[in-house]
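Inspection log for the structure reproduced underneath, given as structure tokens.
Values in this text are rule-based calculations from the coordinates and carry no lab data. Here the structure is a predicted model, which means the values were calculated and not measured. Please note: Cβ atoms are built from the backbone with ideal geometry, for glycine as well, and neighbour counts cover all protein chains shown.
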Amino acid sequence: MPLFDKILVANRGEIAVRIIRACREMGIGTVAVHSEPDAGAPHTLLADEAVLIGPAPSSESYLRIDRIIEAAQATGAQAIHPGYGFLAERAPFADAVEEAGLVFLGPTADTIRSMGDKTEARRRMQTAEVPIVPGLVDPLSDADEAVAAADEMGYPVLLKAAAGGGGKGMRVVESAAELPRAFEAASREALAAFGDGSVYLERYLSRPRHIEIQVLGDTHGNVVHLGERECSIQRRHQKLVEEAPSAVLTPDERAAMGAAAVRAAEAVDYRGAGTVEFLYQDGEFFFLEMNTRLQVEHPVTELVTGLDLVEWQIRVAAGEKLPFAQGDLQLVGHSIECRITSEDPFHGFLPSTGRVEHLEIPSGPGVRWDGGVSEGFEIGLHYDPLLGKLIVHAATREAAIDRMARALDELVIRGLQTATPLHRRIMRNEAFRSGELSIRFLEEYAELLE
Ligand code: ADP
């Protein structure tokens, strides 16, 4: 007996395809929802059933809670998987799904709410004795308060939106003179993006690495961590290349960071798959935020743990107990993911639009492609520019880099600019190969972008 008869996937692109594939392997029927231009999209065609929910703008389709729930009810789906982005971390959606008598394939609305506000999350983490990035735990009321707090903390500081995500509402501030204007700008940007203008201050770490821990919890009080992912290669505070394990963590550091992530998850009664993000510098780590959903970069964890995270999201949502304890989990080999976006890396990551004229997907030993586009598909500006993710697994980090370089050379996408040529350069960069990384990698090796 499958755990559910039918699951509705409230998303599009590669992640919708990924979820549909997991359901199919588990014998679960699938319902796709789609906008008008996505009528011929891979996720729409792959699902058992598809329901049109509106025109191209997300606000009229993929963000329409009412239409998505109606689609689930009309098709008899029992559960909804939100993927990432769109409604995945909106507590009112999780509430609406449960009120409609359906299962939300994610944590509870309360968990989403408490981690969705970065200041509240920081307060909770302090209580749970998880080290946080030094700074405030309450929103600022005005620019004067910001200047006073920054003077005490020392410059540079980082202004951050409490409701933030996607790098929006974030400003690095070098001096008191810049702070009032930056405060106004960050508040305005946060208000426009999230409907909440609250901002707070953190110390701006000079050269940290971004290292995050995957956690998995069930509804019986068990939480384990599945090791780390290093996501230091970023542009505009957004990830580009991810790997597992990190080239620098010692087993002791991994255990300490993992235990902190488990404490963080337990503090909010976490159920399902989640990620606790940390900044790591000089052997110290600091809580950044928790993402209460499946992450884009989840496959690198899947390849080193041998676990299917979407399958486990579904199993724990159906009430299954995790059958493994922390000590049963082992990390094997090394995995790398490159995000293949429709952006021109040599012109400021300008979004590129057009038809996918030709598509050749790499294969061979240790190569995985999680894609959301097909030949002939039109890429517009309405949605996330992620076309697909190229992921490799090999015995060692060096072998994984060589394998990724080989796979990137096989990848052909014609009709639009993609990040592929930049990824090819990164795989051949000596600093990357030596594991000498920080979130400033692309600033420090700016020649890669020329
Ligand atoms: P968002 O939710 O908007 O993505 P995060 O808090 O997750 O924002 O931070 C995104 C990225 O910004 C991090 O991966 C890191 O590169 C950078 N960053 C965030 N906070 C700091 C900090 N205090 N010091 C230095 N870099 C930071």
Residues MET170, MET290, MET1 arranged by fewest to most Cβ contacts within 10 Å
MET1, MET170, MET290
Could you list VAL33, VAL223 in order of exposure, starting from the residue whose Cβ has the fewest other Cβ atoms within 10 Å?
VAL223, VAL33
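Efficiency by 1/(1 + (r/R0)^6): what FRET value for SER175 and GLU444, r their Cβ-Cβ distance, R0 = 22 Å, to the nearest 0.05?
Once the sixth-power term is evaluated, E becomes 0.45.
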Cα to Cα, under 18 Å, and not fewer than 8 places away if on the same chain: which aspartates and glutamates meet these conditions relative to LYS321?
ASP218, GLU266, ASP269, ASP308, GLU311
CD proxy, 222 nm, the chain: helix-only mean residue ellipticity via -39,500 (n - 2.57) per DSSP H run with n ≥ 4, per residue, nearest 500, stands at -9500 deg cm²/dmol
Quick one: check the C-alpha center-to-center distance for the range 289-334 versus the range 237-263, whole angstrom.
15
ALA247 label point, 7 Å along Cα→Cβ, cut-off 16 Å on backbone N: hits in the range 418-450?
423-446, 448
Anchor LYS160: lysines whose Cα lies under 30 Å away (excluding residues fewer than 8 positions away in-chain)
LYS118, LYS168, LYS239, LYS389
If we count other beta carbons within 10 Å of each Cβ, what is the order of TYR270, TYR383, TYR155, TYR62, fewest first?
TYR155, TYR383, TYR270, TYR62
At a 10 angstrom cut-off on C-beta neighbours, averaged per residue, how do the peptides 118-124, 131-137 rank from highest to lowest?
118-124, 131-137
